[in-house]
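Values quoted throughout were computed directly from the atomic coordinates according to the rules given, and no laboratory measurement underlies them. Note that the structure is predicted; figures quoted are calculated from it, not measured. Ideal geometry is used to build each Cβ from the backbone, glycine not excepted, and the neighbour counts take in all protein chains shown.
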Amino acid sequence: MKIMNMTSAHESGAPERLPEPSPRLLLIEDDDSIAAEVAEELTTRGYDVTRAATGVEGLDHACAGQFDLMIVDRMLPELDGLTVIESVRAQRINIPVLVLSALSAVDDRVSGLKAGGDDYLTKPFAMEELAARLEALLRRPTDSRVTMLRVGPLEMDLIERRVFRNGQEIDLLPREFRLLEYMMRRPDTVLTRTMLLEDVWNYRFVPQTNLVDVHIGKLRRKIDVPGEAPLIHSIRGAGFSLRVPG
């Protein structure tokens, strides 16, 4: 019996591998079947995966190795996942951390993020969403002091809250600004509707709504003006992506 409701790259065609060098990923998961399936899939996608089966083993790996990101299960033997994350942050290890958990209540998600997690994904999950979230974390700027975002002809001033395309200012509503900022921090990444609802609207559940599509449509009409190459792309069956042509 499958433990997770996954749509793997093996079922939908060969996945697009990440550019070299392979990102080093630490997977801390005590369930052997889940760990094996995740490790196999992410290896196929170009990650260099190291697996730890307990919290103590995972913390040792995290403190000793040079990893680009971590996946940490919340419920671990010997040392729970949140304690692992808190200990990692106390050591000033600032790599992105994705928390995995079967606990889906709002309080559980909040505690995972407060412990130092950068994102929180509940089980069961689709492999495509896991991969998309990892790619988004890898693209997150490491310098939190950044005040300007640039993607092709787009410029965003995070201090003045102003957006320009080819020097022409674009008037955005607050939610549109936040949505575009989220996309500009993750260029060339497929962003699922679930990711946008959780991270832009702060929903901790996935309602049956076209809210994302409506706002993407409004943003696209302001960003992708006639005569200019489109930057916001719809990815059929997956979500949306901000991409520079060529």
Within region 82-122, what residues put their amide N at less than 17 Å from the label point 7 Å along the Cα-to-Cβ vector of T54?
-> 82-85
Acute angle (nearest 10 degrees) that the helix 211-223 long axis makes with the longest principal axis of the chain, alpha-carbon atoms = 50
Give me the angle, in degrees from 0 to 90, between the Cα long axis of helix 55-64 and the longest principal axis of the Cα atoms of the chain, rounded to the nearest 10.
-> 60
Candidates per chymotrypsin sites (Phe, Trp or Tyr not before Pro) in region 203-246, loop by DSSP, up to 12 other Cβ within 10 Å | F205
Can you tell me how much longer the chain between D171 and A238 gets when fully stretched, taken as 0.36 nm per residue apart minus their C-alpha distance, in nm with one decimal?
-> 21.3 nm
For the chain, evaluate the Debye formula with one uniform point scatterer on each Cα (no solvent term) and list log10 I(q)/I(0) at q = 0.12, 0.15, 0.16, 0.17 Å⁻¹, rounded to two decimals.
-> -0.74, -1.11, -1.24, -1.35
Descending packing, highest mean Cβ count within 10 Å first, for 48-59, 96-107 is 48-59, 96-107
Once the convex hull of the C-alpha atoms of region 148-242 is built, how many Å³ does it hold per residue, rounded to a whole number?
-> 97
The chain: angle of helix 81-90 to the longest principal axis, Cα-based, in degrees nearest 10 | 70
Using only alpha carbon pairs under 8 Å that are at least six residues apart, calculate the relative contact order of region 73-142 and give it in whole percent.
-> 29
What's the long-distance tail for region 50-159, i.e. % of Cα pairs beyond 22 Å?
-> 37
Per-peptide average of other Cβ atoms within 10 Å, ordering 133-139, 228-234, 34-40 highest first = 133-139, 34-40, 228-234
Shape of region 104-144 from its Cα gyration tensor (a ≥ b ≥ c, root eigenvalues): rounded if a/c is under 1.5, otherwise prolate when a/b > b/c, or oblate?
-> oblate
Subtract the Cα-Cα distance of W201 and R140 from 0.36 nm times their separation in residues, and report this length gain in nm to one decimal.
-> 20.1 nm
Compute the whole-percent fraction of alpha carbon pairs in region 25-77 spaced more than 16 Å apart.
-> 33
For region 180-221, what log10 I(q)/I(0) values come out of the Debye formula at q = 0.22, 0.31 1/Å, with one point per alpha carbon and no solvent?
-> -0.76, -1.27
Dipole magnitude of region 24-139, debye to nearest 20 (Cβ charges: Lys/Arg +1, Asp/Glu -1, about Cα centre) | 500
